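Have a look at the structure below before the remarks.
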Amino acid sequence: MKILVTFAVLAFLGISARASDLKYAPSAFEVDGVKYTSIDIQSVNASWTFEQEDQWSGSAKFTFQVKQLGNPVILFSPEAISEIKLGSQTIQSIPVVKDGTKLRALQFKAKPGRTYTLYFNYQFKAQAGEKQFYFQNNYWEGRSFEQYIPSNMLYDNFKLNLKIDIRAMTAYNEIVANGKIRNVEPGIYRLDFPAVYNGGSFFVDLIQAQRTPVLRGQYKGLPVIVYQDPSQTITEEELQETLTTKLPATLEKLESLYGPFPYSSVIVKFASDLFAFAGGITYSHRWDQDYPGDYFLHELGHSWFLRGVRPVNGAEVWIGEGFGTWLEQGSPRSQTLFNPEFKNANFGCSGEYSQLEQGNGHWGGMAFLGDLDKMLETRGGVSPILKQVFLEKKFQAMSNKEFKHLLEQKTGLSLEALFDWYIIPTAGCPAPNIQ
Ligand SMILES: [Zn+2]
């Protein structure tokens, strides 16, 4: 009986997760009389084989549904695509730019309600002199994993199974990732990621174990990894201190304020810049001198907002970045409301297909949270409310409208004026911002 109940719950969660992704998918658009539709990926089974130097070959089985009738658009920008198959039919694809996002349109008309499976064969480059990561993301350009697998925008959770074949490789010999890793035979790894990840969640790195010592420990029974890129010069003492003191203290602080850490492992990589994945961060001292702040706390905080509760698209990136910056600056409570610097900043006015924050959502989002913290001064501030939002929306996309609704429901306050000031004008977004 217990087993049956578990299966029933899983089946229900599976169905609801898929339905909600299409709910958040942006509307279809037309270019030169052709209608393009967003999609909901159900699973990606990809296989990467190292060829030589920076060259890899990839193949992927890609299963999805479309939101509306039209040619499906996905995020996929490898070096080259040699073949796309739908059953026995060969499919072509073309690049399409929408709201500043480089999409790939598949040249066939798909219908809602049907599940499609495509097979891709492709080539990609990795490493190529980049230091931060073997499989590099570029947050500031809004690029995450679509250089390496067929993927999708921020609103979409999907299951990724990844086989990595590094038999032809000599230097790199160990994989660090925020999923389950099985070394099935020498040089061949199978990685299995939670179905609640999106394209911005994946942390996959190849390292040279002999050059890059990896410190391992535990946090409340979860495996923890602390290491550094060979380009960095972090002392053994600092790595140790991070593993045994700084990381657990920071996670405990975040857990006490915002609810349990939602992942099954923790990764900290010291590298050339700061970045956040699902339960993993890259960390650097590069900002410390110029801009004082606790950047370690900022990046780990993204496990709660940004990678935990996700943006639907670029219009909600300010929520995670505002939260991170607010934490980093010591959670300041505003002295006065409505910071004049961010009047009509319109952080929530990005186009539906945008993947990037508009304007300075980092500092503006901090001002918004500081104001809310001031408004809730006599009730313990904004943190207890954010904790409730996190527990309710963990691993889901959250629109600005939903965020406003949740905040109003939980505080009993009307936040129309605050959202109007910083996020979205009550009268609607000005037309020029919707590209
Ligand atoms: Zn951030």
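Worth a mention:
- Leading residue by the ranking (surrounded by the fewest Cβ atoms within 10 Å (Cβ to Cβ)) among those in the range 338-383 that are among the aromatic types (F, W, Y) and out of contact with any Phe, Trp or Tyr (no Cβ under 7 Å at 6 or more places or on another chain): W363
- Pick from the range 403-426, criterion out of contact with any Leu (no Cβ under 9 Å at 6 or more places or on another chain) and in a loop (DSSP other than H, G, I, E, B), ranking: surrounded by the most Cβ atoms within 10 Å (Cβ to Cβ): I423
- Matching residues, the range 215-227, being assigned to a strand (DSSP E or B) and open to solvent by 30 Å² or more (accessible area, probe 1.4 Å): R216, Q218, L222, P223
- Of all the criteria given as (1) in contact (Cβ under 8 Å) with a residue 12 or more places away in the chain; (2) under 30 Å from G100 (Cα atoms); (3) away from the ligand (no atom under 12 Å from the Cβ); (4) surrounded by fewer than 21 Cβ atoms within 10 Å (Cβ to Cβ), the one not satisfied by D273 is (3).
- Residues in the range 125-148 that are of a type in the set (D, E, K, R), part of a loop (DSSP other than H, G, I, E, B), surrounded by fewer than 19 Cβ atoms within 10 Å (Cβ to Cβ) and at pLDDT 75 or above: there are none.
- Criterion: within 28 Å of D54 (Cα to Cα) and either in contact with a Pro (Cβ under 6 Å, 6 or more places away or on another chain) or surrounded by fewer than 17 Cβ atoms within 10 Å (Cβ to Cβ) (or both) - qualifying residue of S256, S264, S231: S231
- Identity of the residue in the range 97-124, over 24 Å from the mean Cα position of the chain (by Cα) and not in a strand (DSSP E or B), that ends up surrounded by the most Cβ atoms within 10 Å (Cβ to Cβ): F108
- Filter result for L297 (touching an Asp or Glu at 6+ places or on another chain (Cβ under 7 Å), surrounded by fewer than 24 Cβ atoms within 10 Å (Cβ to Cβ), over 25 Å from E238 (Cα atoms) and not basic (K, R)): no
- Subset of the range 284-299 [more than 14 Å from the ligand (Cβ to nearest atom) and closer than 15 Å to K246 by Cα]: H285
The values are calculated or read from the model by the stated rules, or taken from the named source; none is laboratory data. Everything numeric in this text was worked out from a predicted model, so none of it was measured. Here the Cβ is made from the backbone with ideal geometry for all residues, glycine too, and neighbour counts use every protein chain on show. Remember, those area values only see protein heavy atoms, side chains included, never the ligands or the DNA or RNA. Shrake-Rupley method; radii C 1.70, N 1.55, O 1.52, S 1.80 Å.
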